[in-house]
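One structure below.
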Amino acid sequence: MPLVYAGVCSHAPGITGRADQADPATKDGFYAAFDDMRAAIEASGAEALIVIAAEHFANFFMNNMPAFAVGMADFYDGPIEDAAWLGIDKFRAPGNRDLSKRLITEIMHTVDVAYAEEWKFDHGIAVPLHFLTPRFDLPVIPVNVNCQGPPLTPIGRAWAFGEAIRRAADSVPEKIAVVGTGGISHWPATPDSGKINEAWDRDFLDRWSRNDKDALLDYDDLTVYADAGQGGFEIRTFLTISAAASGATGTVHFYEPIPIFAVGCTIASYKL
Ligand SMILES: [Fe+2]
C-alpha cells in the first residue's frame with residue numbers, strides 16, 4: 001500500500017524522565033502535540049510503524065557499526081536504560097518479522113542495510129513509542145541511521161535510504177507509517193546540555209517543511225557540529241523522512257525550546 005503517514009518527533013530522554021521539571025503549560029502543549037500525532041497515525045489505518053531513530057550505542061558499537069540497520073524480530077524489549085531514570089516502565093513492543101524481511105529485501109536492491117534479530121530499544125525509540133503506541137498494540141519496525149560513531153552516514157546516503165524505505169513501504173500490502181526521531185540542535189551529555197539553537201532549528205524546520213532537497217542536503221558535519229552540537233547529527237533521521245515523503249510538503253505542529261528536556265521539542269508531519 002502507499003505510505004499512509006510520515007512525520008518526525010523529538011526523542012530526548014528528558015521528555016519523559018524530567019517531565020516534572022518543565023514549565024507545565026509548555027510541557028502540556030508538547031504532550032498534546034504527541035497525542036495529535038498518535039491520533040493521526042491511528043486515523044491513517046497504519047498496520048505497522050517504522051521508527052527511524054538515532055541509536056546511542058545501546059545495540060550497535062564501534063566494533064561493527066552499520067550505516068543503516070533495520071530490525072527483523074517478532075518483539076523488542078525496552079527501555080534499555082533504567083526505567084525510573086527514563087520515566088518509562090519496562091515494555092515489550094510487538095514487531096513483525098515477516099514484514100521486516102520483505103521490507104529489507106526490497107531496500108537491499110539499492111541500499112546495503114544491516115538487519116538485526118535482536119534489538120533493545122533505547123530512548124531514541126522508547127520515548128516516541130511511549131506517546132505514539134502507549135498500549136504497544138501496533139507492530140514496530142526499528143531502523144537506525146548512524147548519527148553517533150564517525151565516520152557518520154553521509155546525509156546524501158540518508159536521503160537515498162529514505163527513498164528506498166518509501167519504495168519498500170509502497171511494495172507491501174500492509175499500510176505503513178514512518179516516524180523519524182532525533183535532533184534537532186542539542187548538546188546532550190556535554191557541559192552544554194540544555195543549550196538550544198532556536199534560530200538554527202527554525203531554519204532547518206523551514207527547509208524540512210518545504211521538503212527542499214537541495215537545502216536539506218546543504219549541511220556538512222563540521223558546521224552542524226558548530227551550530228547544532230553533536231546532537232545535530234541526528235538530522236539524518238528527519239532527512240530520511242523527507243526523502244520517504246519526497247514531493248510532499250509538511251507542517252510543524254509544535255516547536256518549542258525546552259532546556260530541561262535538552263532539545264527544541266518538535267512534532268511535524270508531511271501531507272502525503
Ligand atoms: Fe538522540
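The values are calculated or read from the model by the stated rules, or taken from the named source; none is laboratory data. Owing to the predicted nature of the structure, the values given are computational and were not obtained by experimental measurement. Cβ atoms come from the backbone with ideal geometry, glycine included; neighbour counts cover every protein chain shown.
Return the residues of region 55-106 that are among the aliphatic types (A, V, I, L, M) and closer than 13 Å to Ala126 by Cβ; say none if nothing qualifies. Walk me through how you get there before you give the answer.
The initial filter retains those residues of region 55-106 that are among the aliphatic types (A, V, I, L, M), namely 58, 62, 65, 67, 69-70, 72-73, 80, 83-84, 86, 88, 93, 99, 103-104.
Of everything in region 55-106, those that are among the aliphatic types (A, V, I, L, M) and closer than 13 Å to Ala126 by Cβ turn out to be Ala58, Ile80, Ala83, Leu86, Ile88, Ala93.
If you take the residues in region 163-188 that are of a type outside the set (A, V, I, L, M, F, W, C) and in contact with a Leu (Cβ under 7 Å, 6 or more places away or on another chain), which one is nearest to the ligand (Cβ to nearest atom)?
It comes out as Arg166.
From the set of residues in region 1-12 that are in a loop (DSSP other than H, G, I, E, B) and surrounded by 24 or more Cβ atoms within 10 Å (Cβ to Cβ), which is farthest from the ligand (Cβ to nearest atom)? Break it down into steps so the answer makes sense when it comes.
Of all residues in region 1-12, those in a loop (DSSP other than H, G, I, E, B) come to 1-4, 10-12.
In the following step, the residues that additionally are surrounded by 24 or more Cβ atoms within 10 Å (Cβ to Cβ) were identified as 10-12.
On the way: Ser10: 9, His11: 6, Ala12: 7 Å.
Here the residue is Ser10.
Would you say Ile184 is among the β-branched types (Val, Ile, Thr), over 20 Å from Glu118 (Cα atoms) and modelled with pLDDT of 95 or more?
On the way: among the β-branched types (Val, Ile, Thr): yes; over 20 Å from Glu118 (Cα atoms): yes; modelled with pLDDT of 95 or more: yes.
Taking the combined requirement at face value, the residue satisfies it.
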- Query: Asp206: over 16 Å from the mean Cα position of the chain (by Cα), closer than 30 Å to Ala168 by Cα and either among the charged types (D, E, K, R) or in a helix (DSSP H, G or I) (or both), yes or no?
  - Reply: yes
- Of the residues in region 169-201, how many are more than 18 Å from the chain's Cα centre (by Cα) and either exposed (fewer than 14 other Cβ atoms within 10 Å of the Cβ) or hydroxyl-bearing (Ser, Thr, Tyr) (or both)? 9
